[in-house]
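The structure under discussion appears below in the form of structure tokens.
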Amino acid sequence: DSLTLQDSPTERFGFYRSLIREALARDQSVFVLVPTAGDAEKLLPYLGKGIENHTRVLHGKINDQTIINEWKSALANDQPTLYIATAIFLAIPKRNLGLIILDNEGSSDYEPVTRPYIDSRRLAEFMARAGHLKLIFGSTTLRPETIYRTDNRELTPAAPLKYRLAPNVERVMVDMRHPLVEGEKNIFKVLGRE
């Protein structure tokens, strides 16, 4: 079962959180695939809140001993675990894996620039299909091929795909002709302090 979700990060993370809690309650582990180490660290406070003891963040910037310990832990126990990790950890040997969430699916960082030239999104999809796992493709902007597959009913939308997201950015007009700080000279700058 493969689902797609095109929504704002706040809405996506809320959806992920509920799916993760359901999977953990059924004693299943969850793998959240992210394109970069920075994405993994950024996602941790949103998805790991309240389940810190069951959450692991894995990426290429952690030390070798931690990787070995996590690998041994995955082999030794069937405790349901949330993995927020990059593609090099897709092969972690967790027997009770039930869900793969592919976040930021539209990112080009999933396509490696060196050998092996394996798109980790496709790898996650093959693994989900072979293991009969639930797979979620999520992003603010899904790739055109994913939208095409959704339109052709190869993938199922988790919610209607949103093409216009409500902006949550405050807009501020700054008058660059006058200095904002007392005593500052009125020197033209393209980008001011504001």
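The values are calculated or read from the model by the stated rules, or taken from the named source; none is laboratory data. Small disclaimer: the values here were computed from a predicted structure and weren't measured. Cβ: placed from backbone, ideal geometry, glycine included. Neighbour counts: every protein chain shown. With ligands, DNA and RNA removed, areas are computed over all heavy atoms of the protein, side chains included. Shrake-Rupley method; radii C 1.70, N 1.55, O 1.52, S 1.80 Å.
Key figures for this structure:
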read-out: Identity of the residue in segment 61-119, of a type in the set (D, E) and without any contact (Cβ under 8 Å) to a residue 12 or more places away in the chain, that ends up most open to solvent (accessible area, probe 1.4 Å); value: D64
read-out: Residue match in segment 27-41 (condition: of a type in the set (A, V, I, L, M, F, W, C) and open to solvent by 10 Å² or more (accessible area, probe 1.4 Å)); value: yes
read-out: Extreme residue, surrounded by the most Cβ atoms within 10 Å (Cβ to Cβ), among residues of segment 120-151 that are among the hydrophobic types (A, V, I, L, M, F, W, C) and not in a helix (DSSP H, G or I); value: F137
read-out: Segment 152-162, subset of a type in the set (A, V, I, L, M) and over 12 Å from D1 (Cα atoms), residue surrounded by the fewest Cβ atoms within 10 Å (Cβ to Cβ); value: A159
read-out: Meets criteria (part of a helix (DSSP H, G or I), under 20 Å from H132 (Cα atoms) and open to solvent by less than 50 Å² (accessible area, probe 1.4 Å)) for L19; value: yes
read-out: Subset of segment 173-194 (residues that are open to solvent by less than 90 Å² (accessible area, probe 1.4 Å) and at pLDDT 70 or above); value: V174, D175
